[in-house]
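Okay, structure first, notes after.
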Amino acid sequence: MLKRLFGAAAVKKEAEAYPIYNELDRTRLPRHTAIIMDGNGRWAQRQGLLRTAGHKAGVDTLKRVLKTAIALDLEVLTVYAFSTENWKRPHTEVDFIMKLFSEYLDKEVREMNDDGVQIHFIGRIWELSPLLQKKIHEAEDLMKDNTGVKFIVAVNYGGQDEMTRAVQNIAKRVKDGEIDVDSINNEVIESSLDTAGLPPVDFMIRTSGDLRLSNFLLWQAAYAEFWFTDVNWPDFSPQHFMEALCDFTKRKRRFGGLKNE
Ligand code: IPE
Ligand code: IPE
Ligand code: MG
């Protein structure tokens, strides 16, 4: 507990060193921020490095961004780490990325726990290697009662796959007589998604210049605000993250209505 308090204070101190930290209206921060961490390969190739070097550098960015989220006491941070389509890549790259996930958990779980983070994975986790699944479940279990940032990692995740599984699940419940077709509504669907219990995505960030969702959180991002930057993920800094959040705090959201909020 003591360690947790010291850890959190150090994280906060680091973030406070950025002038923009004090400009942020903390009362208007998004409840749920989602990040498409894109551009690792391009970052590496531009420097004549292998794409894998970009993925390795991307892990360090993730650590810094999570620390910033902790310092700002964000409620939910969801990151897109590997899509259901990313298996199309060469075996060597996929294997390298899977190894990185494993190492990340080995190295970071203790510190995340000290920082009060509650980690949770979404996507087709049961298709990952048994060892990685074990580490994932152990990490989730260790941090399940933490009350800090909810850190959601999307691995082997696809929004369409998630919705397909939700439809299958609901159809089974109808077939078994548990629910009536007419009672299927937004809430029933939401509670059948991998993100059940989380607030909808308020803010969606994508690095590296591409302007698309690439099958990420299709349902949850219905009214998300978007932030695109040309900066590649390995170069995305706490400063960039806070600039994006600062922009979010100034936006007017209407949700289809007419209110100037
Ligand atoms: C994002 O970076 C990481 C993953 C998709 C796993 P990329 O590997 O997609 O990098 P670019 O977009 O090819 O530069
Ligand atoms: C989206 O990036 C997936 C992740 C960041 C994990 P991609 O690089 O796979 O997306 P596309 O292929 O450019 O749309
Ligand atoms: Mg990419």
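The values are calculated or read from the model by the stated rules, or taken from the named source; none is laboratory data. Remember, it's a predicted structure, so these values are computed and weren't measured experimentally. Positions of Cβ are generated from backbone atoms using ideal geometry, with glycine treated the same way; all protein chains shown enter the neighbour counts. Calculation scope for accessible area: heavy atoms of the full protein, side chains included, ligands and nucleic acids excluded. Shrake-Rupley method; radii C 1.70, N 1.55, O 1.52, S 1.80 Å.
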Item to check | Residue in region 36-53 that is surrounded by the most Cβ atoms within 10 Å (Cβ to Cβ), counting only those that are away from ligand 2 (no atom under 15 Å from the Cβ) and not polar (S, T, N, Q) | outcome: 53
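Do the conditions hold for residue 209, that is, is it under 22 Å from residue 119 (Cα atoms) and in a loop (DSSP other than H, G, I, E, B)?
Taking the combined requirement at face value, the residue does not satisfy it.
Let's see how each residue does on (1) in contact (Cβ under 8 Å) with a residue 60 or more places away in the chain; (2) within 22 Å of residue 235 (Cα to Cα); (3) surrounded by 14 or more Cβ atoms within 10 Å (Cβ to Cβ); (4) within 16 Å of ligand 2 (Cβ to nearest atom):
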| residue | (1), (2), (3), (4) |
| --- | --- |
| 34 | yes, yes, yes, yes |
| 55 | no, yes, yes, yes |
| 80 | yes, yes, yes, yes |
| 92 | no, no, no, no |
| 96 | no, yes, yes, yes |
| 103 | no, yes, no, no |
| 108 | no, yes, yes, no |
Item to check | Single match in 186, 169, 146 (criterion: open to solvent by less than 60 Å² (accessible area, probe 1.4 Å) and under 25 Å from the mean Cα position of the chain (by Cα)) | outcome: 146
Checklist outcome for this item: Going through region 194-218 in order, the residues found to be under 15 Å from the mean Cα position of the chain (by Cα) and among the hydrophobic types (A, V, I, L, M, F, W, C) are 196, 198, 201, 203, 204, 205, 213, 216, 217, 218
Checklist entry - Residues in region 167-206 that are in contact with a strand residue (DSSP E or B) (Cβ under 7 Å, 6 or more places away or on another chain) and among the β-branched types (Val, Ile, Thr): how many? => result 3
